[in-house]
1. With at pLDDT 95 or above, within 34 Å of the chain's Cα centre (by Cα) and surrounded by 12 or more Cβ atoms within 10 Å (Cβ to Cβ) as the only criterion, which of B:162, B:129 stands out?
2. In segment A:17-40, how many residues are touching a helix residue (DSSP H, G or I) at 6+ places or on another chain (Cβ under 9 Å) and more than 9 Å from chain B (Cβ to nearest Cβ)?
3. Which condition breaks for residue B:134 when tested against (1) surrounded by 16 or more Cβ atoms within 10 Å (Cβ to Cβ); (2) away from chain A (no Cβ under 14 Å)?
4. Looking at segment B:111-146 only, could you name the residues that are within 18 Å of residue A:53 (Cα to Cα) and free of Cβ contacts under 8 Å to residues at least 24 places away in the same chain?
5. If I filter segment B:91-110 down to residues being touching a residue at least 60 places away in the same chain (Cβ under 8 Å) and part of a helix (DSSP H, G or I), which single residue comes out as farthest from the other protein chains (Cβ to nearest Cβ)?
6. Within segment B:145-159, how many residues are surrounded by 12 or more Cβ atoms within 10 Å (Cβ to Cβ) and more than 17 Å from residue B:113 (Cα to Cα)?
7. Give the residues of segment A:41-58 that are more than 7 Å from chain B (Cβ to nearest Cβ) and either buried (at least 16 other Cβ atoms within 10 Å of the Cβ) or assigned to a helix (DSSP H, G or I) (or both), sorted by residue number.
8. Any idea which of (1) surrounded by fewer than 17 Cβ atoms within 10 Å (Cβ to Cβ); (2) farther than 30 Å from residue B:167 by Cβ; (3) in contact with a helix residue (DSSP H, G or I) (Cβ under 6 Å, 6 or more places away or on another chain) is the one residue B:228 doesn't satisfy?
């Protein structure tokens with residue numbers, strides 16, 4: 001309760017700090033959510049995405065160049 | 001099910017001492033509550049039933065002839081969150097380049113589209129440089145040839161549709177850029193068509209230059225069977241059977257028709273996650289706001 005109280009006193013009580021908290025929170029939340037979603041998607045499709053199969057074709061590409 | 005969820009969430013959300021509340025609220029009449037629930041259930045099932053019937057009636061009754069519908073194949077990108085198989089797309093590009101491109105154009109694809117999808121930028125540049133492109137005019141007003149760049153489109157096998165028809169017995173090989181979206185059945189249809197060639201059944205005679213394919217509407221198709229075992233050699237060593245080639249080229253064509261495929265599914269995943277969280281929050285807020293209304297008691301005094 002005291003922690004909640006502290007947060008309330010420091011952040012939520014004043015509109016100025018509350019608005020600032022929303023903006024900062026939105027920034028970090030969006031970044032984290034995007035990263036998390038992308039990681040989850042890449043985990044679900046591991047082995048199918050280009051970055052996973054790249055190495056299988058890299059050798060062939062270099063041979064073509066030589 | 002809904003009742004169970006409702007009951008548990010009610011208990012979880014409204015942390016009140018239920019015993020004392022219950023004793024206070026004992027004399028509130030709940031008569032007819034079950035009847036109400038029953039009516040709701042009947043209404044709900046009636047709605048679902050009506051919707052089902054409406055959906056069944058709305059699906060078109062097609063005049064189906066003798067054409068064969070392709071079966072549903074288990075594509076690796078079928079699922080709601082399944083990305084395209086990049087290795088397969090790349091092999092499919094190889095099949096397109098070495099087999100299909102002899103007759104079919106892909107006029108809406110550029111070499112730059114391949115970057116990051118099936119090859120790196122340098123590799124795509126080398127790929128583009130293999131073709132010669134008309135450019136100009138130069139300082140003297142002449143057109144000239146130059147090696148392709150990333151911004152160039154895939155080369156077209158024929159100069160225009162008339163030339164394509166003239167070279168193919170009057171049949172126009174369709175552009176393959178969006179072909180799996182442009183045909184009923186999508187990649188299932190293309191896959192079945194590519195492998196579906198067979199001898200015409202007894203009683204059907206084909207004109208000169210036509211081939212029999214039961215998956216093609218009408219059965220007589222101007223394209224000869226294109227895929228055979230070992231017609232090409234894959235760079236990653238995958239055995240190039242005809243069905244492997246067909247599967248890969250269909251995956252490639254799916255990507256070509258829908259380059260945003262992977263991004264779209266990733267976006268869908270994120271959207272479902274955020275909307276799921278927001279649904280939970282809004283449900284909590286609704287319960288929170290309604291507690292006052294739901295638990296109040298109005299007593300009338302004489």
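The values are calculated or read from the model by the stated rules, or taken from the named source; none is laboratory data. Source: prediction; values computed, not measured. Cβ coordinates were reconstructed from backbone atoms using ideal geometry, including for glycine residues, and neighbour counts include every protein chain displayed.
1. Sole residue among the options that is at pLDDT 95 or above, within 34 Å of the chain's Cα centre (by Cα) and surrounded by 12 or more Cβ atoms within 10 Å (Cβ to Cβ): B:129.
2. The total comes to 4.
3. It fails just one condition, (1).
4. Those that are within 18 Å of residue A:53 (Cα to Cα) and free of Cβ contacts under 8 Å to residues at least 24 places away in the same chain: B:114, B:116, B:120, B:122, B:123.
5. Checking each candidate, the answer is B:100.
6. Here the count works out to 4.
7. Residues satisfying the conditions are A:42, A:43, A:51, A:52, A:54, A:55, A:58.
8. (2)
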